[in-house]
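S.K.: Dumping the structure here so I can ask a few things about it.
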There are 4 protein chains.
Amino acid sequence: MPGNTFGQIFRLTTWGESHGIAIGGIVDGVPPGLPLTAECIQADLNRRKPGNHALTSLRLEKDEIEILSGVFEGKTLGTPIAFMVQNEGHHSNDYDGLKSVYRPGHGDYAYQQKYGHRDHRGGGRASARETIARVVGGAIGKVVLRSLFGEAVKVKAAIIQIGPHKITKMDWKEVNQNAFSCPDKDITQKWEQYLTHIKDQGKSAGAFIEVHATGFPAGLGEPVFDKLSADLAKGLMSINAVKAVEIGDGFACVEAQTSYDEMALENGSPDFKSNHAGGILAGISTGQPIVCRIAVKPTTSTLQPRQTITTNLKETTLSVTGRHDPCVAIRAIPIVEAMVSLVLTDHALRWRGQCGDFSGV
Amino acid sequence: MPGNTFGQIFRLTTWGESHGIAIGGIVDGVPPGLPLTAECIQADLNRRKPGNHALTSLRLEKDEIEILSGVFEGKTLGTPIAFMVQNEGHHSNDYDGLKSVYRPGHGDYAYQQKYGHRDHRGGGRASARETIARVVGGAIGKVVLRSLFGEAVKVKAAIIQIGPHKITKMDWKEVNQNAFSCPDKDITQKWEQYLTHIKDQGKSAGAFIEVHATGFPAGLGEPVFDKLSADLAKGLMSINAVKAVEIGDGFACVEAQTSYDEMALENGSPDFKSNHAGGILAGISTGQPIVCRIAVKPTTSTLQPRQTITTNLKETTLSVTGRHDPCVAIRAIPIVEAMVSLVLTDHALRWRGQCGDFSGV
Amino acid sequence: MPGNTFGQIFRLTTWGESHGIAIGGIVDGVPPGLPLTAECIQADLNRRKPGNHALTSLRLEKDEIEILSGVFEGKTLGTPIAFMVQNEGHHSNDYDGLKSVYRPGHGDYAYQQKYGHRDHRGGGRASARETIARVVGGAIGKVVLRSLFGEAVKVKAAIIQIGPHKITKMDWKEVNQNAFSCPDKDITQKWEQYLTHIKDQGKSAGAFIEVHATGFPAGLGEPVFDKLSADLAKGLMSINAVKAVEIGDGFACVEAQTSYDEMALENGSPDFKSNHAGGILAGISTGQPIVCRIAVKPTTSTLQPRQTITTNLKETTLSVTGRHDPCVAIRAIPIVEAMVSLVLTDHALRWRGQCGDFSGV
Amino acid sequence: MPGNTFGQIFRLTTWGESHGIAIGGIVDGVPPGLPLTAECIQADLNRRKPGNHALTSLRLEKDEIEILSGVFEGKTLGTPIAFMVQNEGHHSNDYDGLKSVYRPGHGDYAYQQKYGHRDHRGGGRASARETIARVVGGAIGKVVLRSLFGEAVKVKAAIIQIGPHKITKMDWKEVNQNAFSCPDKDITQKWEQYLTHIKDQGKSAGAFIEVHATGFPAGLGEPVFDKLSADLAKGLMSINAVKAVEIGDGFACVEAQTSYDEMALENGSPDFKSNHAGGILAGISTGQPIVCRIAVKPTTSTLQPRQTITTNLKETTLSVTGRHDPCVAIRAIPIVEAMVSLVLTDHALRWRGQCGDFSGV
């Protein structure tokens, strides 16, 4: 299948170029009879919107979702849910200068080599604006997950490091209290200073994001290739600017000398005494919190001039002007949550299809 | 689709439990008319075999491939290539003691919760023995890749860190010269001592593996979900014991303050002045070497006693006896290469399907 | 995967309910660089539009296509082509009376049993209005097919029987000359009289449609399940009101006593002396014209009162008022062509993906 | 995906050439914990075996199934079930004369044009011997269907016409009582005479098969493309020698003047007063018997000499010697049932995945 579809039986297909008419998608395989309104999706979209923060890019968009099908009288029909978000506030002419040059660190050259023809305006299909559709898909996924596993299920992400500055405590209650989705309120000021400084220098910063999915039963994941860990890795790595993914202890396990979590009983039920595995063993969830971490690279487009080539193969120097996020991770939080929700929803329905109604739960 | 299939149009499906009759698979979508013999596959299988090394597990298997279909007069027919490798040398009774207990760090509990019924012998389907079929698929993939892009294409992996001991130089010529697939001959003795020591203590070691795919053109990868990076992340994370994947600079990009590779001309052709991106931009290959790194956790089963529970929910202590690898990464090298080959082959054929015969190459 | 997607690597996904905001879809996997405009698609849509004919239903719609993505500067980008057609001219209130009753012969009861919740207005998702999106997909497919196999390729359908009245000659040049897509101009008056008579009686008529795909090379089709014949059967049977499909001689072969087409050379090239097989052997095209025939059932909704039940399980009698087509086959012609084009395009790209650039052609 | 896989979440992949080592397959997505033994599959295989009947081909094979994985302690594990049936009793040398000639009516020419390389022995992959794997898949499907819907579900096929001779009554109890799977015992003698006569003349006969699936609930089928009717059409048309498929009234609806089945209540439950629709409306099952009919063409290989060409493009005449079935439909009965079972199983699990546990049933 072509590459714009994610999921097997709960499935998002997205479309749209950055400076086309709109960004949109289809979510197919949604269970029928679930309550769904534009408002509950809009809330997640608003978290992703640019302009929420002094340090995010200033393209002004309303990013207002239109649901085009699949919902009737406030409930899902079980038919495909199509949606779109108009592109406004864009100035395609701003990009005329980029028509014949490859921006280093962007997909310009790769797209040209692959397709021989590309929409150069704002990155076209490679723009992070495409992730609008992922956030919508993830919001619908969350409705499904709550219907299956109860209101307690949660998928939540936080930034845990910006540049060299790591958090020193993990307080999820703080995450919604600051513009950085930071779980350590003591570090936010340092991040703000760092990013302001970086931005003034025409540079940008990478970041580390952690995501937890809690309240899910043991049993999600389809070995041997569609392991829960493997599909999470794919979903997260498919987000723009992500360069690394780890599950549980991740890279730290290289230097550990054992790797297991002992088991015991807690009020008569199976329990684990630690969670090095990040809630996944042999590719199947264990009932513990599912824990992933991803590395986001520094924004590529900054004010620094850089060497590159033109489409007709001449060397040149490129300076990007205008406003850009010094750290794209800030706006990535709802996107990360969305990808994890999409994976979990698809795996929940796949499990139910093969094995029935979570009888072990 | 169920989870035992990998790839879209070049596609491997695997089957088999550790202590069943055999391990096998089907590779479908193979281009017709390519030379293929059991011998060229057997060479890769032999690299994976246990017993190659004093520090790997000693289950003695011939691991001899039988090709059952899809090849006629030494050439691929374009029809499905089925194959299998008999399971010999296994002693199912060795595992009777594990029937009613969940081994911590293994998939026992997760499988039981998912399916309600499992083959407890040697991990059943969750056993690393399943990776035999991946090595076969990867070997067939390499034949296809060479037919498409020439004999120069290479997919090669090396261990770059075991426990706390990192290599200090990267000499690919060394990799085949030692039993550790190590590119730094000066560190192999330290690794050997470390693993022997670890093993004597009843512990195990994690490792870091790096894989390079070279000689591939720009254009491989299917945005926005089936990015080359995303599919590599999935393929690699689906390997037993892998807990993290990075592309290019990976986690190091968090602390970097810029992230791009400048472009220039080299003999009139587009060239990059660095490879922070690991050969992939916006999910599409750039023509540079494709670079991934993965973290492999320490072997779970060691001699140390550990707390766990039984299938009928009683607490117990489990001691594994017998022989196990102190570091599973050593045998993982051909498996890592296989997964990368499978991803690249599938993407090459998908690209050709949509865009034609690599005309830009 | 959910059921609203057709094709493997050239792939149409459709969405939309009859009386929702719009009908639309996404075509993914389109080769890049092909000329594409709304106009060339609109031409096919216009052929499908109601109101073209005194004997077709009178819902007045402009059915104007909007292309939302995937096309830039008049050429395909290789990214998903999203499109939609607004629903206008519908009067949802007309359907209030149908909210709590199951129309016999329609999908009302089946949808309710499957999903527990349905859009009763005009059939919702089960409406033939959904086929708008198929016609768009087929029009894009034809652009691809011409780029691959030359301008000579043709997919053309004709009605060959309405009620008991069969054509007696097959003149493809006539098909565009009359409102019935009839290849026998001598029978059109009889059809018109028959349909007028039938309609006056509050009845409807079935029909037989034949479709030919010509100019295609030998080699299309993916045994053993995705045979060209099998995928054509699926695509055609998925059209509303179709109840039977045959390939080549089809049902007539039951009474034949042999079934083959002898081969010979024609100007030195392989040739067949007949085409009982309908251009497909063992599921693969032979280079001869690909010939299918389908049976379309009489329109279900007619003026005749009929017995049925209500959603709260009471018996009742239902009389449909308003205007309906006495024979839906008339408007089905471009839909039939579209489904055949979609199948052929997908198979052409699949073949190219696996086997390369039609080198045998 | 390549063409050797059938089904979305209950999925059969088959492999094997007629004169290779074996024929086999993998069934993935099987619910865990179901009782399964080789014996219950073997029973269906035995019904397909050649040599059961004086009028079927005499290749002597034991056709004994080996289950290679996915079953443990007599129950399905939920992991892939791999199986194979050895090819014995074949004489590859018998086919040397066919290496360089295209048999008319067979796939020889089409395979050669597609793949450029083929296994000419007995048709290779195009041989009906491949259907062994379908019968196995269908037998496993039946186990799943009974676990979901109870022991009363049935999928049963019968021959209803051979050559010009149609049955005049439909008594399902007769079907297992004669070698023709004929529901009308009064016609079997006429069929036997007809086939003997046809065979003596070196000719062959086509046939008409009807299949009923009973005991299934309303709700199976995934509009708009994966309608139950569409997937049945595909599955049935993918069987060797099938040239036409109809659902319910099928082609007869062309001459009907209405097409619906009225509804009423029967003991308070929804009921239909007829079954013109064949148990499927808008692509979803209605709870009535699902009724399909297929046309099987006369055996292609008969004793009659025929004109053809050689692989190096010379005209020639070909006479097939040896023993062949005068009517392949006789052995097709279990294959037809298997394809219908595969479709229904896949749709049942897809429905459960999306909508939950058949709560409306």
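The values are calculated or read from the model by the stated rules, or taken from the named source; none is laboratory data. These numbers come from a predicted model, not from an experiment. All Cβ positions, glycine included, derive from the backbone under ideal geometry; neighbour counts span all protein chains shown. Keep in mind that these areas ignore ligands, DNA and RNA; they rest on the heavy atoms of the full protein, side chains included. Shrake-Rupley method; radii C 1.70, N 1.55, O 1.52, S 1.80 Å.
S.K.: I'd like the mean, over residues of D:101-109, of how many other protein chain beta carbons sit within 10 Å of each residue's own Cβ. Show your work: numbers first, answer last.
M.R.: Details: counts 1, 3, 3, 12, 10, 3, 9, 3, 9.
Across the residues of D:101-109, the mean count of other-chain Cβ atoms within 10 Å is 6.
S.K.: Which value in Å does the Kirkwood hydrodynamic radius of chain C take, with 1/r averaged over all unlike C-alpha pairs and then inverted? Don't skip to the answer; put the middle values down first.
M.R.: Values: mean 1/r = 0.0463 Å⁻¹.
For chain C, inverting the mean 1/r across all distinct Cα pairs yields 21.6 Å.
S.K.: When the chain is fully extended, how far beyond the present Cα-Cα distance does A:Asn93 get from A:Leu265, taking 0.36 nm per residue of separation?
M.R.: 55.5 nm
S.K.: Distances from D:Ala43 to the same position in the other copies: list them in nm, one decimal, shortest first, using label points 7 Å from Cα along Cα→Cβ.
M.R.: Counterpart label points of D:Ala43 in the remaining copies fall at 5.1, 5.5, 6.0 nm.
S.K.: Give me the residues in the range C:65-89 whose solvent-accessible area, probe 1.4 Å, is reduced by at least 10 Å² once all protein chains are included instead of the chain isolated.
M.R.: C:Ile67, C:Leu68, C:Ser69, C:Phe72, C:Glu73, C:Lys75, C:Leu77, C:Gly78, C:Thr79, C:Pro80, C:Ala82, C:Met84
S.K.: Would you tell me which residue of chain B has the beta carbon closest to the rotation axis bringing chain B onto chain C, and how many whole Å away it is?
M.R.: B:Gly353, 1
S.K.: Collect residues whose amide H, placed 1.01 Å from N in the peptide plane, falls under 5 Å from the amide H of A:Val101; neighbours closer than 5 in sequence don't count.
M.R.: Placed amide hydrogens put A:Thr311 under 5 Å from A:Val101.
S.K.: I need the phi-derived Karplus couplings for the range C:24-31: 6.51 cos²θ - 1.76 cosθ + 1.60, θ = phi - 60°, integer Hz, Gly and Pro marked x.
M.R.: Values per residue, Gly and Pro as x: x, x, 10, 10, 10, x, 6, x Hz.
S.K.: Okay, next question. So how much accessible surface do A and B hide from each other in total, probe 1.4 Å, in square angstrom to the nearest 100?
M.R.: On the way: alone 17790 and 17770 Å², together 26920 Å².
Using a 1.4 Å probe on protein heavy atoms, the buried area is about 8600 Å².
S.K.: So how much accessible area does B:Thr14 have, in Å² to the nearest 10, using a 1.4 Å probe?
M.R.: Rounded to the nearest 10, the figure is 0 Å².
S.K.: Here's a follow-up. Take peptide B:264-277, look around each residue's Cβ out to 10 angstrom, count Cβ atoms belonging to other protein chains, and average those counts.
M.R.: Taking the mean over all residues of the peptide, I get 3.
S.K.: Take C:Asn275 and D:Gln177, extend 7 Å from each Cα along the Cα→Cβ direction, and tell me the distance between the two endpoints in nm.
M.R.: 4.7 nm
S.K.: Starting at the first residue of the range B:100-111, write each ³J(HN,Hα) from the Karplus equation 6.51 cos²θ - 1.76 cosθ + 1.60 with θ = phi - 60°, in whole Hz, x for Gly and Pro.
M.R.: 10, 9, 9, 6, x, x, 9, x, 3, 5, 5, 4
S.K.: Any idea what the D:Asn176 label distances to the other copies are, label 7 Å down the Cα→Cβ vector, nm, shortest first?
M.R.: Label point to label point, same position, other copies: 5.9, 6.2, 6.2 nm.
S.K.: I'd like the FRET efficiency for A:Thr317 and C:Lys75, computed as 1/(1 + (r/R0)^6) with the beta carbon distance as r and R0 of 30 Å, rounded to 0.05.
M.R.: Numbers: r = 30 Å, r/R0 = 1.00.
My answer for the efficiency is 0.50.
S.K.: Measure off, as a whole percent, the carbon and sulfur share of the 1.4 Å-probe accessible area of the range C:5-355, all protein chains present.
M.R.: Numbers: 5220 of 10940 Å².
The value for the range C:5-355 is 48 percent carbon and sulfur by accessible area.
S.K.: On a straight-distance basis, which aspartates and glutamates could pair with D:Lys185 in a cross-link, Cα separation under 20 angstrom, same-chain partners fewer than 8 positions away excluded?
M.R.: The reachable aspartates and glutamates, counting only those whose Cα sits under 20 Å from D:Lys185, are D:Asp171, D:Glu174, D:Glu210.
S.K.: So, one more: Keeping all protein chains in position, work out how much accessible area C:His197 exposes to a 1.4 Å probe, and write it in Å² to the nearest 10.
M.R.: 100 Å²
S.K.: Compare the Cα positions of A:Tyr260, A:Thr5, A:Leu77 along the charge dipole of the range A:5-355 (+1 at Cβ of Lys, Arg; -1 at Cβ of Asp, Glu; about the Cα centre) and return the one farthest towards the positive end.
M.R.: A:Thr5
S.K.: Would you list D:Glu174, B:Glu88, D:Glu61, C:Glu39 from the most to the least accessible area, probe 1.4 Å?
M.R.: Working: D:Glu174 40, B:Glu88 70, D:Glu61 15, C:Glu39 130 Å².
Greatest to least solvent exposure: C:Glu39, B:Glu88, D:Glu174, D:Glu61.
S.K.: While we're here: Rounded, prolate or oblate: which fits the range A:96-238, taking a ≥ b ≥ c as square roots of the Cα gyration tensor eigenvalues, rounded meaning a/c under 1.5, else prolate when a/b beats b/c? Don't skip to the answer; put the middle values down first.
M.R.: On the way: a/c = 2.31, a/b = 1.20, b/c = 1.92.
Oblate is the answer for the range A:96-238, as a/c is 1.5 or above yet b/c matches or exceeds a/b.
S.K.: Count, for each residue of D:343-354, the Cβ atoms from other chains sitting within 10 Å of its Cβ, then give me the mean as a whole number. Working shown, then result.
M.R.: Details: counts 0, 0, 0, 1, 1, 1, 8, 7, 3, 7, 15, 16.
The per-residue average across the peptide is 5.
S.K.: Ok, one more. At 1.4 Å probe size, what's the solvent-accessible area of B:Tyr194? Round to the nearest 10 Å².
M.R.: 30 Å²
S.K.: Could you give the distance between the Cα centres of the range C:281-317 and the range D:164-188, to the whole Å?
M.R.: 29 Å
S.K.: While we're on this one: Counting only C-alpha contacts under 8 Å and six or more residues apart, can you give the relative contact order of chain B as a whole percent? Display every interim value, and only then the final one.
M.R.: Working: 726 pairs, mean separation 76.6, N = 361.
Taking the mean separation of contacting Cα pairs over the length of chain B, I get 21 percent.
S.K.: Which entries of D:Lys62/D:Lys234; C:Lys243/D:Lys227; B:Lys99/D:Lys75 have Cα-Cα distances beyond 20 Å here?
M.R.: On the way: D:Lys62/D:Lys234 30 Å; C:Lys243/D:Lys227 12 Å; B:Lys99/D:Lys75 16 Å.
As for pairs spanning more than 20 Å Cα to Cα, those are D:Lys62/D:Lys234.
S.K.: Another question about this same structure. Using a Gaussian network for chain A with springs between C-alpha atoms less than 10 Å apart, which of these wobbles most: A:Glu130, A:Glu315, A:Glu266?
M.R.: Ranking A:Glu130, A:Glu315, A:Glu266 by mean-square fluctuation puts A:Glu266 first.
S.K.: Say a label goes 7 Å from Cα toward Cβ at C:Leu265 in every copy; what distances in nm does this one have to the rest, shortest first?
M.R.: In nanometres, ordered from closest: 5.3, 7.6, 8.5.
S.K.: Something else now. Can you give me the accessible area per residue for the protein assembly as shown, using a 1.4 Å probe, in Å²? Present the calculation step by step, with values, prior to reporting the outcome.
M.R.: Working: 45410 Å² over 1444 residues.
I get 31 Å² per residue for the protein assembly as shown.
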